[in-house]
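Everything below concerns the one structure shown next.
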There are 2 protein chains.
Amino acid sequence: MNQNIVELFKANQIKNTTQRHRVIEYLIKCKEPVTAESIYIALFEDDAYEDKVNLSTVYRILDLFVKQSIVLRNSFGNEHKSTYEFNRREHKHHLICVKCNKVTSIKGCPLKAYEQDLGNQTHFKILEHRLEIFGVCPSCQERGN
Amino acid sequence: MNQNIVELFKANQIKNTTQRHRVIEYLIKCKEPVTAESIYIALFEDDAYEDKVNLSTVYRILDLFVKQSIVLRNSFGNEHKSTYEFNRREHKHHLICVKCNKVTSIKGCPLKAYEQDLGNQTHFKILEHRLEIFGVCPSCQERGN
DNA sequence: ATCGCAAATGCAAATCAATCGCATTTGCGA
DNA sequence: TCGCAAATGCGATTGATTTGCATTTGCGAT
Ligand SMILES: [Mn+2]
Ligand SMILES: [Mn+2]
Ligand SMILES: [Zn+2]
Ligand SMILES: [Zn+2]
């Protein structure tokens, strides 16, 4: 029973259930965004617990976490499935290899000034942005094609 | 029978069927990205033709157009459905109102230099990027909330 | 520590976008 | 005009996500 997670839930008024605990514990360990299905499988295969967490429950838990901004939901490229990642509260973007689909996080944002200008020009109140950059990763370049 | 479209198809070795003609004709008219379903409905309601185009056919036609780069496929935010737009061959981004979901196209790209740097740092071969900016449009700001 | 009960979960069925199999139709080169 | 590969219509299917409902569980109040 990870005490940091208990605190996190308390701070967000989230009831501390076994299932929620396991989901967020797993997401915190993940270095890159994962699908609901892959969370389900990972928890299923985790020998530390005997029970598996129902897939609908995984979805319901993720919805809750996203609503509370504990977790971020993405969907890259034109995939019609979502991926989820623990919200580490750092503004970042993603670099995606079009060959192997590997997702790399990149910190640092080149858009501060641009957003300012854009707000002035369009009279939108700019809130946030999403930037995905596509390319071929070093390994895939080596392998050719 | 729009002759420009006939030429466009010929140039891309696409057989000129009634259904394809109607789909691209409609997309060319659209100012913003639309879903497959909304194309289907628009064609269905178009009094200029008696027949409707089957939804599967709309999807197949869109896949073909996307493969040929005549049409671009997007999916905004965390929507798990795609939108399509005629490829006007201009690099652009989208500004999306988080209240009314209106999508506005914005031309001009602030990322040229950044992509260069990023390629050098990560050794990825950078190919393209997708930038979506979220905010509140002027009308929604007026209406308050 | 126990109780009560609203909230959370499990399971199966439903939904929604997108895709597919197959019988029928159609565009287009010969 | 003909022949036929390619395209379409239509119904069934898939894959991701959501929902209804009966059962279980966490946790505040006793
Ligand atoms: Mn940024
Ligand atoms: Mn750009
Ligand atoms: Zn790669
Ligand atoms: Zn708006």
* To do: Can you pull a Stokes-Einstein diffusion coefficient for the stretch B:91-145 at 37 °C (0.692 mPa s), Rh from Kirkwood over Cα pairs, as a whole number of µm²/s?
  => 249
* To do: Calculate how many DSSP beta bridges within the stretch B:91-145 are antiparallel, expressed in % of all such bridges and rounded to the nearest 5.
  => 55
* **Ascending list, in nanometres, of distances separating the residue A:92 label from those of the other copies (7 Å, Cα toward Cβ)** => 3.2
* Asked: So how far apart, in nm, are the two label points at residue B:41 and residue B:128 if each is 7 Å from Cα heading toward Cβ?
  -> 2.8
* Structure fact -> Total charge of the residues flanking residue A:139 in space, meaning their Cβ is under 15 Å from its Cβ, with Lys and Arg +1 and Asp and Glu -1, is +3
* Structure fact -> Between residue A:101 and residue A:13, the FRET efficiency computed from the C-beta separation at R0 = 35 Å comes out, to the nearest 0.05, as 0.45
* Structure fact -> Shortest first and in nm, the label-point separations between residue A:48 and its counterparts in the other identical copies (7 Å out along Cα→Cβ) come to 6.2
* Among the DSSP beta bridges whose two residues both lie in the stretch B:37-145, what percent are antiparallel, rounded to the nearest 5? -> 70
* To do: At a probe radius of 1.4 Å, figure out the B/A buried accessible area, summed over both chains, and give it in Å² to the nearest 100.
  => 3200
* Copies compared at residue B:68 - label distances in nm, ascending, label defined 7 Å from Cα in the Cβ direction -> 5.1
* Label-point separation in nm, residue B:54 to residue A:112, each point 7 Å along Cα→Cβ -> 5.6
* Asked: For chain A, what is the relative contact order in percent, using Cα pairs closer than 8 Å and at least 6 residues apart in sequence?
  -> 18
* Pull out a ≥ b ≥ c, the square roots of the eigenvalues of the alpha-carbon gyration tensor of chain A, then state rounded if a/c is under 1.5, prolate if not and a/b is larger than b/c, and oblate in the remaining case. => oblate
* To do: Over the alpha-carbon set of the protein assembly as shown, work out the extent along each principal axis and list the three values in angstrom, largest first.
  => 69, 55, 43
* Structure fact -> Lys and Arg at +1, Asp and Glu at -1: neighbours of residue A:80 with Cβ under 12 Å from its Cβ sum to +1
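The values are calculated or read from the model by the stated rules, or taken from the named source; none is laboratory data. Bear in mind that the values here come from a model prediction, so they are computed numbers and not experimental data. No Cβ is skipped: glycine too gets one built from the backbone with ideal geometry, and neighbour counts run over all protein chains shown. Just the protein is used for accessible areas: all its heavy atoms, side chains included, with ligands, DNA and RNA removed. Shrake-Rupley method; radii C 1.70, N 1.55, O 1.52, S 1.80 Å.
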